[in-house]
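FYI, it's all coordinate maths here, none of it is from the lab. From a predicted model like this one, the values you see are computed outputs, not experimental measurements. Neighbour counts are summed over all protein chains in view; Cβ atoms, including those assigned to glycine, are modelled from backbone coordinates with ideal geometry.
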Amino acid sequence: MDRILIRGGNRLSGRLPISGAKNAALTLMPCALLTEEPLTLRNLPRLADVDGFGHLLNQLGVSTMVEGSRPDEFGRVMTLKAGRLTSTVAPYDIVRKMRASILVLGPLVGRAGEATVSLPGGCAIGNRPIDLHLKAMEALGAEIELAAGYVKAMAPGGRLPGGRVSFPIVSVGATENALMAAVLAKGPSVIENAAREPEIVDLCNCLVAMGASISGIGTETIEIEGRDRLHGATYRVMPDRIEAGSYACAAAITGGSLDLVGVAAADMRATTAALIDAGVTIEEHADFLRVTATNGLSPLTLSTAPFPGFATDMQAQFMAMLCMADGASVLTETIFENRYMHVPELARMGADIQVRGRTAVVRGVDKMIGAPVMATDLRASMSLILAGLAAEGETQVQRVYHLDRGYERLEEKLSAVGADIERVSDG
Ligand code: UD1
């Protein structure tokens, strides 16, 4: 198994390219299920999760073709074509490894009138049920059956009538599934209390490019007129605001300066506002965001919230950064329970963090010390990379497969801006 080795203490500086967004990619790829014509996605990040999702789509009869991307380029172009669906089943083996597999539910029911998806089971960052996805399918007219660890959704007569989906809490994935099911429904649909994340806007824009009729994009009430069919399209995946935010924290924690190239600054205002509060300078340029930290870091009080609030996917990275702030910070996680698994690992590197329920108090320390560490999820692993960049001595981050799910060529991007970081393979 690979490990990442970091010798900390280098200030980062230079240009760092931002890849296409993982979470957008994972909801744009299943859009290919909605039409027999090809969907070409540009700027897809090269990530294990994208490969995994491609594999799942292949099992459903979707062909995937990757076009000429050179090994030294970031991103790639993939053409997905679902001429004829050969299966409507997302099996346990794939779903248990990649929770985002649930995102085939909506488009399969929309196009084929049925879908059978394994229940995802336990997840490292909490319980993460799928009840809202199922309620959304029901509200659009599907019948739901649960048996033998699988959920089957069926549209009576083979096509959903459409309907009113009213979410009791904001869910990104359930909003995405509802949208992808509703675009091919017989009648109109409304989604109330919809998620407003930029990845939802990206999904809507792609669906519109495929011929869908959607209004209220980016608001909490989305209206959809069902269409008889959608057509193919070429669509560019939005930049990854979480990857960009993570590298902004890397600049901050090392007292460095990074130009994050290709970001969409408007999608990450909560992150940049928090960095500014911590004393970091942010300059918006036409095609890059300059993040500079020179005067030490101030402590923060932050609470995660659905967009436009502070993203739960940035919580772990900010926690690592605030370990080096001058004073005590208070972080509250409101989206997922059990999303503090990085805390004991950061503590092994010298962090002073106390967790009570959903709140963590982070007292800044003068220095962190490198150590062998491991994390159980993607963003938690990134927080350990950040701590390693600032720590004295050597940090070994194990279970690199978590990072490979969501950060395209992390060690290459970081070493190009001055980090002493390498991947070592045990075998
Ligand atoms: C997506 C993102 C993830 C991010 C999260 C919140 C992808 C692939 N993943 O995850 O990186 O951290 O949004 O921004 O895009 N919930 C239920 N029932 C459901 C669905 C969700 O109770 O059926 C709860 C969850 O447990 C959680 C909250 O709703 O407490 C929000 O989760 P949700 O927005 O659905 O997250 P994901 O779509 O899974």
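Report the relative contact order of the stretch 23-228, percent, no decimals, based on alpha-carbon pairs under 8 angstrom and at least 6 residues apart.
Working: 455 pairs, mean separation 35.4, N = 206.
Relative CO of the stretch 23-228 lands at 17 percent.
Can you work out ³J(HN,Hα) from phi for every residue in the stretch 50-58, in order, using Karplus 6.51 cos²θ - 1.76 cosθ + 1.60 and θ = phi - 60°, giving whole Hz and x for Gly and Pro?
5, 4, x, 5, x, 5, 4, 5, 4
Once you have a ≥ b ≥ c as the square roots of the Cα gyration tensor eigenvalues for the stretch 373-427, tell me rounded if a/c is under 1.5, and otherwise prolate or oblate according to whether a/b is larger than b/c.
Working: a/c = 1.32, a/b = 1.18, b/c = 1.12.
Since a/c stays below 1.5, the shape of the stretch 373-427 is classed as rounded.
Nearest 20 debye, what's the magnitude of the dipole of the stretch 4-102 about its Cα centre given +1 on Lys and Arg Cβ and -1 on Asp and Glu Cβ?
Values: 13 positive and 8 negative charges, 94 e Å.
Approximately 460 debye in magnitude.
Please give the net charge around Lys152, taking every other residue with its beta carbon less than 14 angstrom from that of Lys152, where Lys and Arg add +1 and Asp and Glu add -1.
Once positives and negatives cancel, what remains is -4.
Quick check: Cα centre of the stretch 226-241 to Cα centre of the stretch 276-308, how many Å?
31 Å
Using unit Cβ charges (K, R positive; D, E negative) and no other charged atoms, how large, in debye to the nearest 20, is the dipole of the stretch 23-228 about its Cα centre?
Details: 18 positive and 22 negative charges, 61 e Å.
Rounded to the nearest 20 debye, it is 300 debye.
Would you mind classifying the stretch 1-45 by shape? Square roots of the alpha carbon gyration tensor eigenvalues, ordered a ≥ b ≥ c; an a/c under 1.5 is rounded, otherwise it is prolate if a/b is larger than b/c and oblate if not. Mind dumping the intermediate values first?
Working: a/c = 4.72, a/b = 2.48, b/c = 1.91.
The shape class here is prolate.
Distances longer than 38 Å among the Cα atoms of the chain: what percent of all pairs is that? Show your work: numbers first, answer last.
Working: 19152 of 90951 pairs.
Result for the distance tail: 21 percent.
Quick one: Kirkwood hydrodynamic radius for the stretch 23-228, alpha-carbon pairs, angstrom, one decimal? Numbers along the way, then the final one.
On the way: mean 1/r = 0.0597 Å⁻¹.
The Cα-based Kirkwood calculation yields 16.8 Å.
Between Thr294 and Tyr401, what is the FRET efficiency for a Förster distance of 30 Å, r being their Cβ-Cβ separation, to the nearest 0.05? Write down the numbers at each step before the final one.
Values: r = 35 Å, r/R0 = 1.18.
Given R0 = 30 Å and the Cβ-Cβ separation, E is 0.25.
Under a plain spin-label model, where a point goes 7 Å from the Cα along Cα-to-Cβ, how far apart in nm are Asn338 and Ser215?
Modelled inter-label distance: 4.3 nm.
Count the DSSP beta bridges whose two residues both fall in the chain, then state the antiparallel fraction as a percent rounded to the nearest 5. Before the final figure, lay out each step's value.
Working: 58 of 80 bridges.
Counting DSSP beta bridges with both partners in the chain, the antiparallel share is about 70 percent.
Spelling out what I want: for every residue of the stretch 283-294, take phi, set θ = phi - 60°, compute 6.51 cos²θ - 1.76 cosθ + 1.60 (Karplus), and round to whole Hz; glycine and proline get x.
Here the 3J(HN,Hα) series is 10, 8, 10, 4, 10, 8, 10, 9, 10, 10, 10, 10 Hz.
Report the label-to-label distance for Asp352 and Ser63 in nanometres (one decimal), using points 7 Å from each Cα along the Cα→Cβ vector.
6.3 nm
By its C-alpha gyration tensor, with a ≥ b ≥ c as the square roots of the eigenvalues, how is the stretch 253-358 shaped: rounded for a/c under 1.5, else prolate for a/b larger than b/c, else oblate?
Values: a/c = 2.15, a/b = 1.40, b/c = 1.54.
Judged from the Cα gyration tensor, the stretch 253-358 comes out oblate (a/c at least 1.5, b/c at or above a/b).
Is any residue of the stretch 15-50 close enough, with backbone N under 11 Å, to a label point placed 7 angstrom from the Cα of Arg229 along the Cα-Cβ axis, and if so, which?
Zone members listed by number: 35-37.
Helix-derived [θ] at 222 nm for the chain: sum -39500 (n - 2.57) over DSSP H runs of at least 4, divide by residue count, nearest 500?
Values: 14 runs with 126 residues, N = 427.
-8500 deg cm²/dmol, from helical runs alone.
Efficiency by 1/(1 + (r/R0)^6): what FRET value for Ala328 and Lys97, r their Cβ-Cβ distance, R0 = 41 Å, to the nearest 0.05?
On the way: r = 38 Å, r/R0 = 0.94.
The pair Ala328/Lys97 has a calculated efficiency of 0.60.
Taking a 22 Å limit on the Cα-Cα distance, which of the listed pairs Lys135/Lys186; Lys81/Lys135; Lys22/Lys152; Lys97/Lys152 fall beyond it? Before the final figure, lay out the partial values.
Working: Lys135/Lys186 19 Å; Lys81/Lys135 29 Å; Lys22/Lys152 27 Å; Lys97/Lys152 20 Å.
Check vs 22 Å cut-off fails for Lys81/Lys135; Lys22/Lys152.
Excluding Gly162 itself, calculate the net charge of residues whose Cβ lies under 10 Å from the Cβ of Gly162, where each Lys or Arg counts +1 and each Asp or Glu counts -1.
Residues near Gly162 contribute +2 overall.
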